[in-house]
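The values are calculated or read from the model by the stated rules, or taken from the named source; none is laboratory data. This is a predicted model, so every value here is computed, not measured. Backbone-built Cβ (ideal geometry, glycine too); neighbour counts: all protein chains shown.
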Amino acid sequence: MRVQAFAKINLSLRVVATRDDGYHELRTIFQSIALHDTLTFTRRRGAFALTADDPACPSDDTNLIWRAADRMWKASGRRGAPRDVAVHLKKRIPLQAGLGGGSSDAAAALRVFARFWRVADTAVRDAAVALGADVPYFLEGGTALGLDRGDLLFPLIDTPPAWVVLVMPPFGVSTKEAFAWWDQLAGRAGRAGGLAAPKLARGSRSSAGGARKAGGSGPAFEVGNDLEEAVAARHPEIARIVRALRAERAVQAAMSGSGSAVFGLFDRRADAARADGALASKTRRTLLTRTLNRSKYQRLAAT
Ligand code: C5P
C-alpha cells in the first residue's frame, strides 16, 4: 500500500502565551501544500523495518513512523514490538524546515497501521496528540486554525488556491530551539513566563507584511510568524529571503513554522516560476508547489 504525506505551511503563527508544560500556546493557521513524501507499506513476516531514501532522515525507532507503529500495535492490544510490516519512505519534504514532514509521515502511518491492526479512530487521535503538536493537523489537512499547542483544530474555509515558492536556506532549525530563542527575545522584552510580549508580536507582524494586498487573491487574513524575528536574529538569511520574495512580487512571504523554510505566495504560476528561478542559488534550494484544499487533501491522503 502506498500513501502520500503532504507538507504544510503556517500562513500565520502567533505565540499567545507560554505554558507550564514547556510548550507554547499558539494561534496558527495551517495550510496543506502539494509537496509530499511517499510511504510504501509491505506486509510480510518478520520484525518491523523502516528504510528511507534520504540518508539524512533517521530510519530507526526515533523516526515518528516507527513510533506510530509502536503506538498502534499497542493500541490494538498486541504485545511486544510491532512486526510483519516493512515501510519505505521516499523523503521529499525537507527536514528541519517547518514544513511538518515528520509529523505528516506520522499521521499517514497512524492511519495505515490503524487499518492493518484495527484500531479505533479515538485511539488514532490520542496517538497523534502524543506523537507531536502538529500531528493531529495532518489527520485533517486543508486550511485549519490550530489553538493550544496547535493541536486543537478548527477547519476553516479553504484559502483561494495559490502558487507557493519554498526557499530552503543551507541550515535547518530545530523546533525546540526556535521556541527557546523566542523565549529569550520575549524575556528581554520583559514578559517572560506570561503572555506573549505585545511589542514583539507587533514588530514581527508588521515585518511579516501585514494584511493582504489590494487586488491580490492571496489569503484574506494576515500572514506572519512570531517565531520569525527570533530565528532571523540567529540566521539573518531568513529575513533576506523574505525580502527577496517580496521583491519578486510575492503576495505574501513569511517563514513557515519554526523554520528554516520561507514561503512566498503567488497568484500566477509564471510569477512564482520567475521567483523560484531568481531565489535559487548554490546555497539555497527552492521548490515550486501549490496549496491543496481540504477535499483534495483528504482524497489524496486517504488510505
Ligand atoms: O510537539 P513537538 O515534538 O513537535 O514539539 C517539539 C518542541 O517544540 C517541543 O518540545 C517544544 O519545545 C516546542 N513547542 C512549543 N510549543 C508548541 C509546539 C512545540 O514550545 N506549541
For this session: Just one of (1) modelled with pLDDT of 95 or more; (2) surrounded by fewer than 20 Cβ atoms within 10 Å (Cβ to Cβ) trips up Gly22, so point out which.
Result: (1)
For this session: Among what's in region 126-157 and is in contact with a Ser or Thr (Cβ under 6 Å, 6 or more places away or on another chain) and more than 10 Å from the ligand (Cβ to nearest atom), pick the residue that is farthest from Tyr297 (Cα to Cα).
Result: Leu156
Problem set entry | Condition met for Ala196 (surrounded by 15 or more Cβ atoms within 10 Å (Cβ to Cβ), at pLDDT below 90 and within 16 Å of the ligand (Cβ to nearest atom)) | yes
Problem set entry | Condition met for Ala56 (under 16 Å from Thr38 (Cβ atoms) and surrounded by fewer than 19 Cβ atoms within 10 Å (Cβ to Cβ)) | no
For this session: Please state which one of Thr38, Thr62, Thr51 is of a type in the set (Val, Ile, Thr), assigned to a strand (DSSP E or B), at pLDDT 95 or above and over 17 Å from the mean Cα position of the chain (by Cα).
Result: Thr51
Exercise. Only one of Val167, Val173, Val112 is within 16 Å of the ligand (Cβ to nearest atom) and either surrounded by 16 or more Cβ atoms within 10 Å (Cβ to Cβ) or part of a loop (DSSP other than H, G, I, E, B) (or both); which?
Worked result: Val173
Exercise. Scanning for something outside any helix (DSSP H, G or I), within 15 Å of the ligand (Cβ to nearest atom), hydrophobic (A, V, I, L, M, F, W, C) and farther than 23 Å from Leu300 by Cβ, does region 68-89 turn up at least one residue?
Worked result: no
Exercise. Is one or more of the residues making up region 91-104 over 17 Å from the mean Cα position of the chain (by Cα) and either hydrophobic (A, V, I, L, M, F, W, C) or outside any strand (DSSP E or B) (or both)?
Worked result: no
For this session: Read through the list (1) surrounded by 23 or more Cβ atoms within 10 Å (Cβ to Cβ); (2) in contact with a Lys or Arg (Cβ under 6 Å, 6 or more places away or on another chain); (3) part of a loop (DSSP other than H, G, I, E, B), then give the number of the only condition that Ala133 fails.
Result: (1)
For this session: Answer yes or no as to whether Ala7 is touching a Lys or Arg at 6+ places or on another chain (Cβ under 8 Å) and of a type outside the set (Val, Ile, Thr).
Result: no
For this session: Look at Arg205 and say whether it is basic (Lys, Arg), at pLDDT below 95 and crowded, with 18+ Cβ neighbours inside 10 Å.
Result: yes
Problem set entry | Count - residues of region 265-297 that are modelled with pLDDT under 95 and either in contact with a Gly (Cβ under 6 Å, 6 or more places away or on another chain) or β-branched (Val, Ile, Thr) (or both) | 1
For this session: Please enumerate the residues belonging to region 1-35 that are assigned to a strand (DSSP E or B), of a type in the set (Ser, Thr, Tyr) and within 12 Å of the ligand (Cβ to nearest atom).
Result: Thr18, Thr28
